[in-house]
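Here's the structure, in structure tokens; my notes come after.
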Amino acid sequence: MPKKQEAKKLKTKRTGKKMNLVKFYIVAILLFVSQTIFAQVEFKTAVSKTNLGLNQRFRIEFSVDKQGADNFKPPSFADFKVVGGPSSSVSQSWINGKASYSQTYIYILEPKREGEFIIEPATIEYENEIVKSNAIKLTVSKAVEVPKDPNNPEYIAQQNIHLVAEVSNLNPYVGEGIYVVYKLFVSQNISVNDWRVSDSPQYNGFWNQDIEVTDSNVQNGKYNGEDYRFLVLKRAVLIPQRSGELIIEPMKMDFSVGIPTGRGDFFGNMITRNISYATESAIRKVRVKALPEEGKPEDFSGAVGEFEFSVLADKNVLKSNDAAQIKVEVKGSGNLKLFEIPKIVTPAELEAYTPEHKEKVTTSLSGLRGSISDAYTVVPQFKGKYKIPEVSFSYFNLKDEKYYTILAEAVFVEVTDGKEIVSTSNDTAGTFKKNVVSNGNNFRFIALETKLKPAVKKDFLHSTEFYLLLLLPFLAIPIGILIGKKRAKRAGDIFGNRIRNANKLARKYLSEAKKQLGKKEAFYIALEKALHNFLKAKLQIETLEMSKEKITELLQDKGVDNNTIKQFITVLNDCDFARYTPTTDVMMKNEYEKTVEILTEIDKQL
């Protein structure tokens, strides 16, 4: 009996051990699974709205619930304009012994066009692994009307902020200067805390030049008969280059606006609510008249305005190999930089060198005023009196709406010293005949015997040279065909030729910029053309009419690092603004060297 009880106890003990072992494995598995579940990171994308109008904005948030997640990379927002952000927020809490953590990356976006769009996932790195968020689908419809709710902040901002483009003349002639002034009107009811130009206006079809705004003070004025504060943001002179309807594209701006809430604080001050707001100036249509064909002179080269014309020599009497300078000058007001000065024709006996072109032109809201000139250096070769024929210059006068032609008198140059022109006529030749004088020593020696040697005869017909010359045409035919095919292929490669031409232009303008060091406006114009032609060659697209944001995005897609892109955009901005701000030769030289360094670095990375 005792043995049976002992055996039973032993069996019970073994069974208990097995049960404990099973419990241990179950607990271990549960702990492992729970640890794995809790170790997983949640990274998600959320938007404030999935259906919106073209003129509406939305908020997009990327949230991660694990501390230690790093290297956040947003998706491409190519179809949207980033109005605000990126900004980030972190929240942590400990409730009933349970900790929670969240880090959020926030952007405010505005669609660029209608349609259905997919915002691709963002990525973040957690414990050496790349984690992706979810994709978001959006539908963008036509612009919606802002509700006329007096308490709606968007409506309040719309009624109290106005960006206006004032154009001096909406019906000019081709070549007639007009101006556009951009003014920002803000009512007394709201406050603008911060603003920036998100998109500068485009002037397609116009020659244009910005005029520096020196007065940045806020002024008081009227808008639609009501009192407003206003600020002049931008001024530009425009000269239309073709007839027809031309469009002045709008300027776009983003604002941080303080909207009154209608409530006051403890001290009675009005409490305001800050919102992000965007607006743009209206599109302005300019209907350009063609210059009349009736009465147009044959030598008319496009000059429009009021001008004086002269051709003068600094010396009218000089010696051979002495130099004189003949100056052809047009002065007055009008499109001075947009037409060619008439050229003079000099006699063959006066050696004329390539003229030196000079411009002394000032630009203001009233247009271009000053003078342009070509100075010819002429050097006479022979003694005599020479005539440089009359030169005419034609222009269109806007006041009279008529063409006028100015005829500059002929210029005479007299050379008082130097070689005579040798005459080759028969009469003149006869005056130089001389008698032959016999001096008795005309016949010194006459050989009486000949010493001739037989000539060595070489048969050319079957020589090596004969066969080489015979085969040469047959060898030239296939070579010519190959060269022709290669030239035709190269000529047909429009895309390749465009890139090669852009490369040449980039080098040309970069070289031109180096030559223009010390001449501020010419230097920065050449530098800007070099930058755009470099991008045209490397990205195979036109960049002159592209925004700097789009250029940044394209370079990022090509793998260029952000620091290099930032330096490139900085140089591009310098070219825009430095032409109208004080600068020095040292600053221009540093700008040139920095540009060469940046272009070299981008070229390496591409």
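The values are calculated or read from the model by the stated rules, or taken from the named source; none is laboratory data. As the structure is a prediction and not an experimental result, all values here were calculated from the model. For neighbour counting, all protein chains shown are included, and Cβ atoms are generated from backbone atoms with ideal geometry for every residue, glycine included.
If I filter the range 443-459 for residues that are modelled with pLDDT of 80 or more, loosely packed, with under 15 Cβ neighbours inside 10 Å and either over 60 Å from the mean Cα position of the chain (by Cα) or part of a loop (DSSP other than H, G, I, E, B) (or both), do I get at least one hit? Let's see the steps before the verdict.
At the first step, the residues of the range 443-459 found to be modelled with pLDDT of 80 or more are none.
Scanning the range 443-459, I find no residue that is modelled with pLDDT of 80 or more, loosely packed, with under 15 Cβ neighbours inside 10 Å and either over 60 Å from the mean Cα position of the chain (by Cα) or part of a loop (DSSP other than H, G, I, E, B) (or both), so the answer is no.
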Report, by residue number, each residue of the range 69-87 that is surrounded by 15 or more Cβ atoms within 10 Å (Cβ to Cβ), part of a loop (DSSP other than H, G, I, E, B) and at pLDDT 85 or above. P74, P75, F77, D79
If I filter the range 36-55 down to residues being part of a loop (DSSP other than H, G, I, E, B) and modelled with pLDDT of 80 or more, which single residue comes out as nearest to A122 (Cα to Cα)? E42
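Could you list, in sequence order, the residues of the range 83-123 that are in contact (Cβ under 8 Å) with a residue 60 or more places away in the chain and touching a Pro at 6+ places or on another chain (Cβ under 9 Å)? Step through it out loud before you land on a result.
Residues of the range 83-123 in contact (Cβ under 8 Å) with a residue 60 or more places away in the chain: 83-84, 108, 110, 114, 119, 121-122.
Within the range 83-123, I119, P121, A122 qualify.
Rundown of residues vs (1) at pLDDT below 90; (2) within 36 Å of the chain's Cα centre (by Cα); (3) more than 29 Å from G205 (Cα to Cα), yes/no style:
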site	(1), (2), (3)
P121	no, yes, yes
V131	yes, no, yes
K137	no, yes, yes
V144	yes, yes, yes
P147	yes, no, yes
I156	yes, no, yes
I161	yes, yes, yes
V167	no, yes, no
Restricting attention to the range 88-138, the residues that are over 13 Å from V47 (Cβ atoms), outside any strand (DSSP E or B) and touching a Phe, Trp or Tyr at 6+ places or on another chain (Cβ under 7 Å) number exactly 1
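Answer yes if at least one residue in the range 380-391 is part of a strand (DSSP E or B) and exposed (fewer than 13 other Cβ atoms within 10 Å of the Cβ), and no otherwise. Explain how you work it out, then say what you get.
Keep residues of the range 380-391 that are part of a strand (DSSP E or B), which gives 380, 382, 384-388, 391.
Checking which are exposed (fewer than 13 other Cβ atoms within 10 Å of the Cβ) leaves us with 385, 387.
The answer is yes; a qualifying residue exists.
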So E298 clears everything in (1) closer than 30 Å to S168 by Cβ; (2) not assigned by TED's automatic domain parsing to the domain that holds G384 except one condition, right? Which one? (1)
Within the range 236-254, how many residues turn out to be surrounded by fewer than 19 Cβ atoms within 10 Å (Cβ to Cβ) and within 18 Å of T363 (Cβ to Cβ)? 1
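What are the residues in the range 210-220 that are within 16 Å of T362 (Cβ to Cβ), loosely packed, with under 15 Cβ neighbours inside 10 Å and in contact (Cβ under 8 Å) with a residue 12 or more places away in the chain, if any?
Of the range 210-220, the ones within 16 Å of T362 (Cβ to Cβ) are 210-212, 214.
Still in the running and loosely packed, with under 15 Cβ neighbours inside 10 Å: 212, 214.
E212, the sole residue that qualifies.
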Name the pairs whose Cβ atoms lie under 7 Å apart, with the first residue in the range 157-182 and in contact (Cβ under 8 Å) with a residue 40 or more places away in the chain and farther than 11 Å from V286 by Cβ, the second part of a helix (DSSP H, G or I) and β-branched (V, I, T), and 6 or more positions between them or separate chains? none
If you go through the range 340-359 one residue at a time, do you hit one that is at pLDDT 90 or above and of a type in the set (G, A, S)? no
